[in-house]
Amino acid sequence: MMWSWIPSNWSLIWQLTWENAKLGVLPALYGLVISLPLGVIAARWRWFYPPTLTVINILYAVPSLALFIALIPAFGLTDTTVIIALTVFSLCVILPNVVAGLRAVPAAVTQAATAMGYGPLRRLVTVELPLAVPVILAGFRVGVVASISLASVGQLIGVSSLGYLFIDGLQRSFPTEIYVGLVLVIALALACDLIIVAVRRALTPWAAS
Amino acid sequence: MSFFSWAWDWVTTDANWHGSGSIPQQLVAYLGYCALPLLIAALIGVPAGVAIGHRGGKRAVVVINTANAWRAIPTLGLLILLAVFLGFSPLTWLLPLVVLAVPPILVNAYEGVAAVDPSVKDAARGMGMTPWQQVTRVEIPNALPLILVGLRTAAIFVVATATIAAYIGLGGLGRFIIDGLASDQYGPVAGGALLVVILAVLVLALFAGLSRLVIPAGLRKQAKTE
């Protein structure tokens, strides 16, 4: 471990961390935005869900590197390629949680909302989705953590992330750089995880913890 | 789609199926790279998850949260770190893949056992089963669907990730991808990627078949009526 390497490369480290955060958080957010309408549809019309789940299971089985490569002809060696691929993976972990969260809303609650004169849309937005928030965010957490960690693989096709520190460290046989990369990826994932937990507490003040 | 035409041309080229470093050879090597870490991870994850689920309590939550945070460890980074320190020791590729595979196996085994209906557990105790019998005859069979989901997820992770072992010079299907990328040949890159995807889908099918075989009939019926 060569501590002096860190301050002298501060701007590089900061830039890579920022890139990696972007490549991790954006796909999870896009995945969440796509999952919500799909999840609502799947929770309402049950026949829609089993075939969707099969497609998702197969998509999730595609190696990240393979998916990056499959997208190269269309999007080149760019951030877009990595973001689209990681969005697909995030979708795969978030959608099942959206469906599970919506289905777990007690029937008595939805009936009470209907009896109070709530229309289907208002009931969905003000009653069902808020109650499903903990389960949806549990999926979102996994999506963010996985995307941040997988973004480093994007470095193999030349898309800049903390993975640069791994590969550069290997080529120069310089473990310090690899340590810094590993610690920062894990720290970034845990920091994002903590933020999501804080958001969940703010959104669900009725929950015990 | 150009990806599939590239992949198809490469996979159907006869020369790629013969000689050293051919498709069959790398495929066999790849299966080895996947099977061994999975086996080790299952031997760690299933007993640990079952034990934690059986005992329950607040400590279980801590262990499960740790296992989830564990997923933040980037496999590529760990692989490269070990490559720098250990060189070409088997541990170099084995350890990162085991680290990758343990959390889904452990968490699902835990959730499966923890979610067994308490009245079923009580009934087992009431019938005079020893704790060992309760675990092996009641809790594990009831948790099997989720244990299998965990093993399937881990298998998919490992099959999808073992390609990066080629980055530190090992064989397997990743060889085609990494070498192709290095020499700007898109054919082997797409072909190697396609073979990994096919392998992953086969793993999914294998587990679908396996779950039919090993999940007790009574549980399957219950799952259907739910």
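A short reminder: the numbers here are calculations on the coordinates, not readings from a lab. Worth saying up front: this structure is predicted, and the values here are computed from it rather than measured. Here the Cβ positions follow ideal geometry from the backbone for every residue, glycine too, while neighbour counts run over all protein chains shown.
Values for this structure:
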{"item": "Length added when fully stretched, B:F88-B:V62, from 0.36 nm per residue minus Cα-Cα", "result": "5.8 nm"}
{"item": "Inter-chain Cβ neighbour average for residues A:186-197, partner chain, 10 Å", "result": "2"}
{"item": "Amide H partners (placed H, <5 Å) of B:I215, local residues excluded", "result": "none"}
{"item": "Descending principal axes extents, the range A:29-203, alpha-carbon based, whole Å", "result": "68, 35, 20"}
{"item": "Alpha-carbon centroids, the range A:1-63 and the range A:142-179: separation in whole Å", "result": "16 Å"}
{"item": "Listed residues A:L38, A:L26, A:L124, most fluctuating in chain A (Gaussian network, C-alpha, under 10 Å)", "result": "A:L124"}
{"item": "Number of partner chain Cβ atoms within 10 Å, mean per residue of A:64-77", "result": "6"}
{"item": "Helix-only CD estimate at 222 nm, as mean residue ellipticity for the protein assembly as shown, using -39500 (n - 2.57) per DSSP H run (n ≥ 4)", "result": "-25500 deg cm²/dmol"}
{"item": "Computed lengthening from A:W206 to A:V183, 0.36 nm per intervening residue step minus Cα-Cα distance", "result": "4.8 nm"}
{"item": "Cα centroid separation, the range B:154-195 to the range B:1-64 (Å)", "result": "13 Å"}
{"item": "Extension gain from B:D179 to B:L36, taking 0.36 nm per residue of separation minus the Cα-Cα distance", "result": "49.1 nm"}
{"item": "Gyration tensor (alpha-carbon) shape descriptor, the protein assembly as shown, a/c threshold 1.5", "result": "prolate"}
{"item": "Packing-based ranking, highest mean first, of A:75-84, B:16-25 given that Cβ atoms within 10 Å are counted", "result": "A:75-84, B:16-25"}
